[in-house]
Structures are given as structure tokens and as C-alpha cells.
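Participant: Dumping the structure here so I can ask a few things about it.
Nothing in this text is a laboratory measurement; each read-out follows from the coordinates by a stated rule. The model shown is predicted, which means the values in this text are computed figures rather than measured ones. Note: ideal-geometry Cβ built from the backbone for every residue, glycine included; neighbour counts use all protein chains shown.
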Amino acid sequence: MYKKAFSILVIGIIAGSFPVFGQGVDTTSISEQIKTERDNQLKELNEKLKRNEEEVNRLTDKLAAADNRTQTDKEKINDLEKLQIALDNRLKFLEEGPKTKINLNGQLAFTELLSIQRDIQPLDLFVSSQTFYTQLGNIGKIQNYNTFNAWKKDYDNWYNRQGKDDQMMEVINSSLNLISAVGSNVPLYGTMVATASSGITALITSIGKKEKDLSEKTPAMLKLLNVTSQFENQKAIIDHEWAQINKELEQLQKENAALLEDQMNYYGISMLEYKRKYMNATLDIDRETFKNECRRAISDKITLLESSQSTKGKWLGQVETYMFKVQSLRLRFGQLTSRMLVNMDQYENIISVYSDSTRFPAEFTTQINGLNNSLKTLKNKFYASYNPAKYIEDSAVMYIERQ
């Protein structure tokens, strides 16, 4: 179940004055370009507002202090007209600010949604995870251990000769067969293992030295069975968290795909072009080029909506809704990848605890130590694919303009 979590990992200023997008893509990511452009435009707008406020105050003070004997009616009318123009410009600047911010933030939201959709399906990471989780799953397969198999062979011989007529031994034998059968889905902990372990202990006590080989092999087998069972019990707690992460990741993927499709329909972006130029692209430069094309499409669509009296200003609410949905998805994705990292650390911890060959059977610790390289590879691939802290941090401030 925990393997499946990685398989999923596999989302102008109005009225035509928005800058024209170039055909090429520079070395800065499209998202960073949008942030820089947004901040520069808002800074320029704030400077215009400041100069406008100074002009309004100057004209207001001049009119208030005007001496009827030194200022003609024509001069007063001229100053009043200038004041009206300055006030009209102020209203225009105040209306322009939110539209500029939401326009560019809407573009940022869409490009980030594209990034999440790709990040959520890291095939390289999934391939690396398969090796680790296959090895991890083998730890709990008691039939993989020579110590157990040698003991089981002697036990089966004894049982076939003498144990079949004992009802209690039938229960113990059934438990043993269930936990040791190839392909068995019975976990190596809980009632089945407890029944087998206690039953075998009682059996060896009763037969004494009559079955020398079986008696001599039993202590080592029981030690192996018990430590393997204890390891599986602790691992199951971590596995349960993976199941929860997997469930949330599946839901996040569905929401991300639905939101992406909704936005593409709203902005008029082709789903076929998205699959061909973005999801199937092999180079980052090609994906950034597609993001740049999307920026152009979003800008053109918003300009069209703003130019129509029936939709003028109405797009603001829709785009802002998209913005905060993307922010929420991005934050949740960061939290999920952070939980993945915590769980990998937990696996690393129990591997460390159970790798001591002076405390546990050598055959068991050999398999445990064999997990180190594959887990290290998995964590390196994870760090290369994700930065959970950056996802969370950037999500919190992605729409805040720098001053």
C-alpha cells in the first residue's frame, strides 16, 4: 500500500497595456518572471499614486488659499479642471491595482498548478521506491530465512508422524502454515504468531530430547520469529501512515486535475496541447515555453473579458477563486511530501534499531542492513524531486507582492 503513494507522485494591465510576451524563455522560471513583473508593476503603480496624491494636495491647497483679488476666474476654473483630472486619475489607479495584481497572480496560480500536476507523478522516484519497498516487504516473510526453513522441515516430519491426532497441535500447525505459506497475506504479528510461538514452546517442553534436531533448532527459530514479528508490528504503524498519505494524495491528484481542466476551459487553453507540450515534454525549457504560452492565453482572455461591458470586472472573483484553490492545493502537497519524509526517517530509525547483530539473529540483521543502500537512494531521489519546506513556505506568500 505504501508503494502506491509514490506511484501517484508520479499540478496586461487591463485595457491592453500588459507587456507583450517574448517568444523565447530566459533562464528565470516563468513563475519567478511573473512574480518580478507583478512586483515591478505594483511598485510603479504605487509611485503613480504617490505623485497623484501630491498633485491633488497641491491643487487643493492652492484653491483653498486663493485670493480673489490675485487669481482670476479663468485661473480658478483651470485649477479646478486640473484637480478633477487628478481625482479621475486617482480613481483609475486605485481600480487598476487589484486588477493588475489578480491578473498576474492568476497567471502565477495556473503555472504553479501545472508544476504540481507534474511533480505529483515522479516516475524516477517511484522506480527507486520499488526496490526499497520490495526489500522491506521481504523482511516479514519468515519463509525467506534458512533458520526457519530448516526448523520447519524437521517440524513437518515430526508432525506427520505424531502430531496429527492432537487437536491443539492442529491449531498450532494451522497458524504456522498460515504465516509461512508463500504468498501469504497474513501479517507476521498478532494472534497467529502468538499462537504459533507459545504452542511451539509448549511442544518442545513436552517432547524434551526425544526429537533432538527439532529441539536444538527451536530456540534459534523462535528468536528469529519473535524479532521478525516485533519488527513487522512496529513497521505496520508506519505503513498505516503511508496508507493515509496515499489516500490524501489520491484525493489531491483528483482535485488538482479537475481544477486544471476547469481553468484551461475558462482561459481557452487546449488540453491536447497541454499533454503534448507539457506532460509529455522531456526538457524543462519546453515546459517553461508552454507556461509562457499559457501566460499569453490568460492575459488575452482577461483583456477580452475586461473589454466587454457584460463581463468587465466580473472575472476578478473567478480568477481570485482559482488563486486560493491553487494555494490550498500547493500547501497540502507540501504537507504531504513533508509527511512522506518523516515516514522515511521513521523507517530509517527502526532499521537502525534492528541492525545490531549482537542483539538479533545474524540472518535477520543481514536483511535489515541490506535496506540501507536502497533507502539512501530513495531519500536522495526524494530530495531531488521535492523540497517540502519550500512548498509550504512559498505557498504562504505566493500572492504577496514584494515592496
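Participant: F93 to N78: extension gain in nm, 0.36 nm per residue of separation minus the Cα-Cα distance?
Facilitator: 3.1 nm
Participant: Between the stretch 231-274 and the stretch 335-390, how many Å separate their Cα centres?
Facilitator: One Cα centre to the other: 24 Å.
Participant: With +1 on each Lys and Arg Cβ and -1 on each Asp and Glu Cβ, how big is the dipole of the stretch 231-317 about its Cα centre, in debye rounded to the nearest 20?
Facilitator: 480 debye
Participant: Could you work out how far apart the two model spin labels at L178 and A194 are, taking each label as a point 7 Å from the Cα in the direction of the beta carbon, and quote it in nm?
Facilitator: Between L178 and A194, the simple spin-label model gives 1.3 nm.
Participant: What are the equivalent ellipsoid semi-axes of the chain, built from the alpha-carbon gyration tensor (square roots of five times its eigenvalues), in whole angstrom, biggest first?
Facilitator: After diagonalising the Cα gyration tensor, the semi-axes are 72, 20, 17 Å.
Participant: Right, next: Per 5 Å bin, what is the whole-percent P(r) computed from every C-alpha pair distance within the stretch 301-403?
Facilitator: Histogram of Cα-Cα distances, whole percents per bin: 2, 10, 13, 12, 11, 10, 9, 8, 6, 5, 4, 4, 3, 2, 1, 1, 0.
Participant: Mind grabbing the base-10 log of I(q)/I(0) for the stretch 228-298 at q = 0.18, 0.22, 0.26 Å⁻¹? Debye formula, identical points on the C-alpha positions, no solvent, two decimal places.
Facilitator: Result of the Debye calculation: -0.77, -0.96, -1.11.
Participant: Per the helix-only calculation at 222 nm, which mean residue ellipticity applies to the chain, given -39500 (n - 2.57) for every DSSP H run of n ≥ 4 and division by its residues, nearest 500 deg cm²/dmol?
Facilitator: My calculation for the chain gives -26500 deg cm²/dmol from helical runs alone.
Participant: If each of K254 and A150 carries a label point 7 Å out from its Cα toward its Cβ, how far apart are those two points in nm?
Facilitator: Spacing of the two 7 Å Cα→Cβ label points: 5.2 nm.
Participant: So for the pair A281, D39, with labels modelled 7 Å out along Cα→Cβ, what separation do we get in nm?
Facilitator: Between A281 and D39, the simple spin-label model gives 2.4 nm.
Participant: With 5 Å bins from zero, work out the P(r) of the stretch 142-231 over every alpha carbon pair and list the percent per bin.
Facilitator: Here the calculated profile for the stretch 142-231 is 2, 14, 27, 30, 18, 7, 1.
Participant: If you don't mind, there's one more thing I want to ask. Under 28 Å Cα to Cα from K212, which lysines show up? Leave out anything in the same chain fewer than 8 places away.
Facilitator: Output for K212: K141, K152, K153, K164, K223.
Participant: Let me spell out the model: positive unit charges on the Cβ of Lys and Arg, negative unit charges on the Cβ of Asp and Glu, origin at the Cα centre of the stretch 308-366. What dipole size does that give, in debye rounded to 20?
Facilitator: In total the dipole reaches around 700 debye.
Participant: Can you tell me the FRET efficiency between N138 and E216 if r is taken as the Cβ-Cβ distance and R0 is 25 Å, rounded to the nearest 0.05?
Facilitator: 0.40
Participant: Semi-axes of the equivalent ellipsoid of the stretch 146-300: what are they in whole Å, largest first, if each equals the square root of 5 times a C-alpha gyration tensor eigenvalue?
Facilitator: Values for the stretch 146-300, descending: 62, 15, 13 Å.
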